[in-house]
Every structure is written in structure tokens, then in C-alpha cells.
Amino acid sequence: MKIAFYGTKSYDRLWFEPLSKEYGYRIFFIENLLDEDTVDLAKDCDAVCVFVNDQVTKPIIDKLHEMRVKAILLRSAGYNHVDIKAAKGKLHVLRVPSYSPEAVAEFAVASLLSVNRRLHRAYVRTREFNMKLDGLIGTDMCGKTAGVIGTGRIGQAMIRILRGMGMEILAYDVYPNPDLDVKYAELPDLLAQSDVVTLHCPLTKETHHIINKKTISQMKKGVYLVNTSRGALVDSQALIEALKKNETFLGVALDVYEEEDGIFYEDCSEDIVKDDVLARLMSFPNVLITSHQGFFTKEALKAIALVTLENAKMLDEGMELVNEVL
């Protein structure tokens, strides 16, 4: 089997290269993202392997189908970057439904604690031997209420950790899990009662901009917002307006951003960043932004590689495609 592997980074090769030899597959590593200019590089391949910043649109899908590519192998659980309707009947779309929920949940908690205790600011200060504590005051998390939006595998891992910290939990999900020992609430009630709001839901039409001007107005004053899921869950302009008023948020931790394509995962330190929204978000002292690294652990990367190649094997051998996006 031949696979065109788009958006290659050094850490991708670390896991996929040796495993592909074990499976007997040929992987062509391509640094560029999959788009209309690079799609022809998949010629003579059986599948393409893409990550979250590859925008797999209908024209690209049609071209891949024309080239007799059989499948799109996702190195992610989310698939909002793929036109699933366009792929139906043309290409199989296979995802990695779960690689390490704990990796993302642990990172979300780390982000929360960092922005709460101002660790990002303290690190810069102490590097310059400024040991003053002014402006670094935080708040205890024990005894506070956390609102967990999305109770899938990652949301459940987040609940376990937050409970271990002594926090009360409220949950919201479009499809509540009756077997989960957690108190569900309607979204307005969750927002009004939560000291921390953390997002762990997929990006769908229903969840797009679930954090917006209206829902921000429903939040408790002095709340922390954490998003390690998908950037477009948050209306960035509405968030900026709320941050400027300095009334609602004590802190915001964002590992994702709705316009992250072309910026996240890249070194733009020598470039003029033209995204004024992102630049404005970074200007707030109580905002911590990281570059979509919540998944980035050795265990998660290994699991992603294993499941991705298992998906390829199931396709290659005509087995049931248990991880197909329908």
C-alpha cells in the first residue's frame, strides 16, 4: 500500500517511519499541507494521510477520486476539516477516535493552572531576575465549580482530574451519557454557576461559536475559560470584546484558534503576522495561547500512528472499517 503523508513534521517520521516498515507500507512524506496545488503529489497512491490543518474540500476530494485514491486517513479524532458529504461514495474517511484522552485533559488542566497562577508571566519575569509577586495572584481551585462542555472520552478524563483537585462538576452535552456519574445542566445554568468553563466537544454546526457574545454574558463573573478542542468553538471577536471590558474573565487558556491554519505548527517568528485578532488575543496579560499541542505526548503520537496504520490495514485487507466516518 502507498500512502501520501501530508504536513509532515519530524515527530511524525519518528513514529510512522518504523511502523510503516513493519506493516510493509510505503509512505511518501510531504512537508506541504494537502491543497489544490499539492494534491497531484498523491498520484499512484492508495491513500492520503492528513492532519487537522489540511482542508480537504470537495475539489480536492474529486481530484483524489479521479486519481483513484481509495481513502483519507486522518491523524486525528476530529474530522470537521474534511467535506464528509463530498467524500461519501468516493473515498473512505478513517479517523483515530481515541489516542490518549488523558494527554489532552492533562494539558487542559496544566493550561488552567498556568493561567490561574500566572506561570507564563512568572517564567518571563524570573528569567530577568524580577522576583516580585505583584500581578501574579491566583485563586484556589479546590471547592470551585468546573463546567465541562462535552463528556466524551476527553471530557470524562478531565472530570476525573478536576474531581481529584476537589472541584465540583457540572456537565453539558448535546447527547448526555446516562451511565456517567456526573450532574448535567442546561448550558445557561452551567455557565452561570461555573468558576471554570472547559471545552471538550467536537466542532459541529451546533457547537460552532458555542462561546459567543450571548453565552459569555451568561457566565459567572471571574470565570476561567479553557479550550483545547477546536478553535471555532469560540467566537474570537466576542472573546476580545469581553476581555477588553475586564469584567468576566480572570483568565483564558487557548490551545486552539479558529484561524490557526498557516500559523500553528509553523515558525512565524521572522514573519509579520497579519492576523490582528490573534495578535490582540496575545496582548492580554491574562490570556495564555499555545499552538495546539494538547495531544503532544509520546504515548499519544504512538497511538495515532498505530491506529492510522491499522485503519490502512483494514482497508487494504478488506476488513470491516470500524473507524470510518459515516
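Every number here is computed from the coordinates shown, using simple stated rules; none is lab data. Quick caveat: nothing in here was measured; it's all calculated off a predicted structure. All Cβ positions, glycine included, derive from the backbone under ideal geometry; neighbour counts span all protein chains shown.
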Quiz item: Using the alpha-carbon centroid of each, what span in Å lies between segment 212-226 and segment 251-276?
Solution: 23
Quiz item: What's the angle, to the nearest 10 degrees (0 to 90), between helix 101-116's Cα axis and the longest principal axis of the chain?
Solution: 30
Quiz item: So for segment 212-326, what percent of the C-alpha to C-alpha distances run longer than 25 Å?
Solution: 41
Self-check item: Links that overshoot a 21 Å alpha carbon limit, given the list 21/298; 2/90; 2/298
Solution: 2/298
Quiz item: Taking Cα pairs under 8 Å and at least six residues apart, what relative contact order does segment 87-246 come out at, in percent?
Solution: 21
Practice problem: Starting from the exponent 0.38 and prefactor 2.2 Å, build the expected Rg for the chain from its residue count and divide its actual Cα Rg by it. | Solution: 1.05
Exercise. Once you have the Cα-Cα distance between residue 270 and residue 175, take 0.36 nm times their residue separation minus that, and quote the gain in nm to one decimal.
Key: 29.7 nm
Quiz item: Can you work out ³J(HN,Hα) from phi for every residue in segment 141-150, in order, using Karplus 6.51 cos²θ - 1.76 cosθ + 1.60 and θ = phi - 60°, giving whole Hz and x for Gly and Pro?
Solution: 8, 4, x, 7, 9, 10, x, 9, 9, x
Quiz prompt | Whole-Å distance, taken between Cα centres, linking segment 101-179 and segment 25-83 | solution = 35
Quiz prompt | Reachable lysines, given that their alpha-carbon falls under 21 Å from the alpha-carbon of residue 183 and they are not under 8 places away in the same chain | solution = 144, 220
Exercise. Output the Kirkwood hydrodynamic radius of segment 5-45, Cα pairs only, in Å rounded to one decimal.
Key: 10.9
Practice problem: Could I have the simple spin-label model distance between residue 324 and residue 163, label points 7 Å from Cα toward Cβ, reported in nm to one decimal? | Solution: 3.7
Self-check item: Ellipsoid semi-axes in whole angstrom, largest first, where each is sqrt(5λ) of the Cα gyration tensor of segment 61-205
Solution: 37, 23, 12
Quiz item: Leaving out same-chain residues fewer than 8 places away, which lysines sit with a Cα under 21 Å from that of residue 214?
Solution: 205, 244, 245
Quiz item: If you count, for each residue, the other Cβ atoms within 10 Å and average over each peptide, how do 258-268, 128-138 line up from highest to lowest?
Solution: 258-268, 128-138
Exercise. May I ask for the angle, rounded to the nearest 10°, between helix 236-245 and the longest principal axis of the chain, with both axes built from Cα atoms and the value confined to 0 to 90°?
Key: 10
Quiz item: For labels at residue 36 and residue 261 in the simple 7 Å Cα→Cβ model, what's the distance in nm?
Solution: 1.2
Quiz prompt | Principal axis box of segment 127-245, alpha-carbon based, largest edge first, Å | solution = 51, 34, 25
Quiz item: Simple spin-label model, 7 Å along Cα-to-Cβ: residue 121 to residue 134 in nm?
Solution: 1.2
